[in-house]
Structure formats: C-alpha cells, structure tokens
Amino acid sequence: MATPSLPRRLGGALTGLGVVAALLSATTAPAAAATAVAFSSVVPAPVTATATPGVSHGITASTTIYAAPGSAPAAAIANQLAARLRVSTGLPLPVVTTVAGPADGIALLLTGAPPGVGAEGYQLDVTASAITIRANQPAGLFRGVQTLRQLLPVAADAATLQPGPWPVPGGQIVDHPRFAHRGAMLDVARHFFTVAQVQRYLDQLALYKINVLHLHLSDDQGWRIAINSWPNLATYGGGTQVGGGPGGYYTQADYTAIVNYAADRYITVIPEIDMPGHTNAALASYAQLNCNGVAPARYTGTQVGFSSLCVPLELTYTFIDQVIGEIAALTPGPYVHIGGDEASSTTAADYSYFINRVQQIVAAHGKTVVGWHDVANATLPPSTVAQFWGTTTSNAPLAAAVANGTKVVMSPANKTYLDMKYRNNTRLGQKWAGLIDVNTAYEWNPGAYLTGAGETAVLGVEAPLWSETLVTTADIEYMAFPRLPAIAELGWSPWSTHNLTAFKQRLGAQGPRWNVMGINYYHSTQVTWPSGS
Ligand code: NGO
C-alpha cells in the first residue's frame, strides 16, 4: 500500500552503481531518519540501482505478500519473508498465491524479468503503491528478497518486536551475479560445529547472496559424518578435536537437515572428504586401512602433512567407494570435494595414481570432483574443478590444467582465508598467509588474478574458514565479519562497480544490522562504521 505521508527518503538518482549519496532530506522526521536506508548500502553492490527521488513504499498492517501463482518455491520464499518480518514488525503480512500483483503490497513474480539476469538475477521495483520482485527462477526471487531485506530499516532484522515504521526507498534494481560459484567453506573437523551453528552461519551467508557451503567434513583431528558401512569413523574418529575436546559428528539425518536448510536458502552444500593426506582420524579408526596394519593414535595437534591413506592397498578404494557412495546419496548438489591438499607423506607417483582413481570413483557415483589445486599434479579431466588456495599469482600445474579446460574456484589464502588474523594482535586465527584486513580481502580481481586463469576459467570465489583456533559461534562470526561480505561482493558484483571507498561505506552500513542480529563482528578500523555501531 502507498504511504504518501512518508517523508522523502532519497536525495538523488543513483545511476548504475554511481554511489551518489542517496540520503535523507532535511525534512525527514527524526524517528524515521534513524531507520531509513539507501540503495547505496546494499552489499553486494547491485549491477544497476536507480533511485526514484521522493518515492517510498511502507510495509504496513495492510501489506499482502503475493507469490507467483502455481509456484511452490515462490510461495515458500514469500512465507520465509513473511515469517522473518512478522517477528520484528508484528504485522500480519498474509501470503496469497491467487493474485499476481503488482498493484499493491509485495509481489514475487516469475514473469517479466529481463532474460539477461539469468537464473539467479532479479529486477526489484519499488513504487509508491507496490514492491515487485521479478525473476526467471525461484533462486532469483530469493536473491531479490535478500536485497529487499537490506533496503528495510535495520530493525527489521531484529529478533524482537520493533516499533517501525518500515519504509523501503523507491527505485529500481536490476541485478545478477558475476560468478556462478560464490562459496564459504567451514572446517567442522578441527573443531566441530553443531547443526544449529551451521544453520546460523547459513542464514548469514544467504543475506550476502552466497550460494555454496563447502563443508570440510574430515581431517587429521576428526571425522564428522556418520558412514553406515564404516561406523567407527564417526564414533571413534569423530571423538576428538584440536586441543583434545569431545569433538562430535553429524548423523546422516543431521547432514540432511543442513543440506535442506541450505537448499531453502538456495545454497548448495559441497561435502569434502580430504584425502589421501589429512586422514589421521580415518586411519586411527580402522587399523586395516594402514599400510602397516597398525592404527595410529588420534591426533589433537595442528601440524599438517603427516598422514596418508595407503595407496597400494585395494581396501583403500573399497573404503573410498563406500564413503563417497553414502555421501553422494545424501547430497543433492553436483559436487563432491576430495581435498587432495598437502599430501606430503604420499610420493608423487602414488599421489597421481590415487587422485586419478578417486576421480573415477566420484564420477561413478554421479558427482563432479572438486579438489584443492594440488590435484593439478595428477591428470584432471576438464570437468574436475580446482580450488586455488595459494599465496602467489601463478601456479604452473594449475595453469596447464586450466589450458585443458579445468575451471577454478579462487580462494587465494592471502586474500580469502577467513582464519587469517586481521592484525598481529588478533586473538584468533593464524598468520602463515599474512594478515588480512578488509582492504586486502577486497582489493583483488578474481577474474584477473591467477596467471592463465582469466575470467572465463573462473567458476567463482570461496572464503574458507579453517577452525584450528575457532571454538564458538562468536569466533566464527568474528573472523567472517566483515571479510565474508567483501568476498561475497567480489563473487556477485560486476567489476565495474568495484570501488574500495564506496564498498567500505556500504560495509559500514551493515554494522547496525549486525548489531540487531547479534553478529559478533570485528570493528575494523579500515571501515567507516556509522556512529554508535
Ligand atoms: C591450509 C591447509 C589446511 C589448514 C589451513 C589453515 C589448505 C587447503 N590446507 O589450506 O589444512 O587448516 O591452511 O589456514
């Protein structure tokens, strides 16, 4: 419904993402001034955002949410939005699927979007009478809803009832992602995180249009998913963690709960079983997997590179086939990650043989292989995706694989590793790839970074969060925020919008939102935080 009595919200048109100050006019009432939001605060930056000066649409007691008729996914997205907003606004926000809009209320439509926005893009129009999101696919509606959330006053993201009002600035956004893969990795092996903790992280990822959660499910210090054919992996191999705590593991139902929660947010889970190195937890669980038939003790330190599955042993491949088979059956997404990093206890010849064979096992289970870029030392079919985690801008084996058609996910450790410290005195994290504050995380171009891997060879970007030093949700959030949104913007926004100064203002505007959401973020001195946040 229209809210003609609302004061003017935007001072001027935004052309493209020319982040001209879309600020409150001097006539704005003080209460609303505290909550109004500008197009220029959306992260990741949209492809184009054009404000309509003097226009806004208020969400009120008479707002209805219309979902595209006949689309269960559109109805589900509408219900998610309504459920979220009811908590903070207390408004009824009925969801109906019988009328297509967009005469009033909020309409989520699967018609009329520009074809060029693809499967994940959307067009958002805010007029005095209605808010309309149009997309070609439900994923695009979901991404558009995340933009709408960021255009609402930050109080809309609160967990308790807030007074309002709930104005949305008028204008149009037409938006779509630069890269198909915009990922976050969580290491649940060094320290275990519960389903609820992972779900909380998924909620945060969704807000920044991340579409992949890569779960690092096994390492020397813990095996974190129940495998029915090899039960000791979880019950014994999952029973510890870095520093020697109780560890933990996901039942298959737990894993499915994570996968489904992610799918509701249009996020694909990529499970990783790291091999042939980083396998002490598996080797400790089954003596017969060891070349010498003796199970090593469980490991709670943080060294890497000392363990290896037994490459000449045939049982190794039976084991892998059964493990990958069970995980593939639980995983709707197309990928299984085989790790392959830091196999320094495996000879080069064994490594090559092993990776080649494991790729065939994964393919036999109908999945596409992802591996850390070390796998380029073996022979890769063009379908295998390599995840670059180096600290230099050239890597000869990887460049050769790319020349043969392999696509790359960019996770340069000195840019995207969320476990690196911000500063020397950061309590959490490591320093081996350098210190990473916001400027460093943001100032690189994923499509023009690695020699031989230009824009078309890059599938996307991913921010890994290794957990050697991380124990709690507060720890995860402190390391992920504010750097994760920087990586999310590199993955989503066109390079033409890239601007460090503008980005840090947009990022700063997220701070009050993180406050109401209870996110424990690092108050980087490189970011312009609004006063009081
Ligand atoms: C490396 C190593 C991981 C560590 C991480 C810590 C890769 C791909 N292997 O990244 O085992 O946890 O660094 O930053």
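So for segment 308-316 (the condition being at pLDDT 95 or above, open to solvent by 40 Å² or more (accessible area, probe 1.4 Å) and either within 16 Å of the ligand (Cβ to nearest atom) or not aliphatic (A, V, I, L, M) (or both)), does at least one residue qualify?
There is at least one residue in segment 308-316 that is at pLDDT 95 or above, open to solvent by 40 Å² or more (accessible area, probe 1.4 Å) and either within 16 Å of the ligand (Cβ to nearest atom) or not aliphatic (A, V, I, L, M) (or both).
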Notebook entry, point to check: Which one is farthest from Leu186 (Cα to Cα) among residues in segment 440-465 that are more than 16 Å from the ligand (Cβ to nearest atom) and charged (D, E, K, R)?
Noted result: Glu455
Notebook entry, point to check: Does Gly140 count as in contact with a Gly (Cβ under 9 Å, 6 or more places away or on another chain), under 19 Å from Thr64 (Cα atoms) and small (Gly, Ala, Ser)?
Noted result: no
Margin query: Among the numbered criteria (1) within 16 Å of the ligand (Cβ to nearest atom); (2) of a type in the set (Val, Ile, Thr); (3) open to solvent by 20 Å² or more (accessible area, probe 1.4 Å), which one does Thr347 miss?
Written below: (1)
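Against the condition of a type in the set (Lys, Arg) and not assigned by TED's automatic domain parsing to the domain that holds Thr240, how does Arg423 come out, does it pass?
no
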Check: Which of the residues spanning segment 361-392 are part of a loop (DSSP other than H, G, I, E, B), open to solvent by less than 40 Å² (accessible area, probe 1.4 Å) and away from the ligand (no atom under 14 Å from the Cβ)?
Finding: Lys367, Ala378, Leu380, Thr384
Next item on the list: Name, by its number, the condition in (1) open to solvent by 60 Å² or more (accessible area, probe 1.4 Å); (2) closer than 27 Å to Tyr208 by Cα; (3) in a helix (DSSP H, G or I) that does not hold for Ala329.
Entry: (2)
Next item on the list: Quick one: which residue in Ile273, Ile258, Ile227 is within 16 Å of the ligand (Cβ to nearest atom) and modelled with pLDDT of 95 or more?
Entry: Ile273
Next item on the list: Return yes when Ala399 is away from the ligand (no atom under 12 Å from the Cβ) and buried (at least 23 other Cβ atoms within 10 Å of the Cβ) and no when it is not.
Entry: no
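Any idea how many residues of segment 166-194 are over 18 Å from Thr469 (Cα atoms) and either in contact with a strand residue (DSSP E or B) (Cβ under 7 Å, 6 or more places away or on another chain) or within 16 Å of the ligand (Cβ to nearest atom) (or both)?
Going through segment 166-194, the residues over 18 Å from Thr469 (Cα atoms) turn out to be 166-183.
Now narrow it down to the ones that are either in contact with a strand residue (DSSP E or B) (Cβ under 7 Å, 6 or more places away or on another chain) or within 16 Å of the ligand (Cβ to nearest atom) (or both): 166-175, 179-183.
Counting residues in segment 166-194 that are over 18 Å from Thr469 (Cα atoms) and either in contact with a strand residue (DSSP E or B) (Cβ under 7 Å, 6 or more places away or on another chain) or within 16 Å of the ligand (Cβ to nearest atom) (or both) gives 15.
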Next item on the list: Of the conditions (1) surrounded by 17 or more Cβ atoms within 10 Å (Cβ to Cβ); (2) over 21 Å from the mean Cα position of the chain (by Cα); (3) within 18 Å of Ser218 (Cα to Cα), His337 clears all except one; give me its number.
Entry: (2)
Notebook entry, point to check: Do we have Ala474 as farther than 22 Å from Thr426 by Cβ and either open to solvent by 10 Å² or more (accessible area, probe 1.4 Å) or more than 14 Å from the chain's Cα centre (by Cα) (or both) here?
Noted result: no
Note to self: Tell me whether segment 200-212 contains one or more residues that are out of contact with any Lys or Arg (no Cβ under 7 Å at 6 or more places or on another chain), among the basic types (Lys, Arg), under 17 Å from Ile258 (Cα atoms) and open to solvent by 10 Å² or more (accessible area, probe 1.4 Å).
What the structure shows: yes
Checklist line | Residues of segment 402-438 satisfying the condition of being open to solvent by 40 Å² or more (accessible area, probe 1.4 Å) and basic (Lys, Arg) | finding: Lys407, Arg423, Arg427, Lys431
Notebook entry, point to check: Based on what the data block shows, is Leu490 open to solvent by 10 Å² or more (accessible area, probe 1.4 Å), touching a strand residue (DSSP E or B) at 6+ places or on another chain (Cβ under 8 Å) and away from the ligand (no atom under 16 Å from the Cβ)?
Noted result: no
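The values are calculated or read from the model by the stated rules, or taken from the named source; none is laboratory data. Since the structure is predicted, the reported quantities are computational estimates derived from the model, not experimental observations. Quick reminder, even Gly has a Cβ in these numbers, built from the backbone with ideal geometry, and neighbours come from all protein chains shown. To get the accessible areas, we keep the full protein, side chains included, count just its heavy atoms, and leave off ligands, DNA and RNA. Shrake-Rupley method; radii C 1.70, N 1.55, O 1.52, S 1.80 Å.
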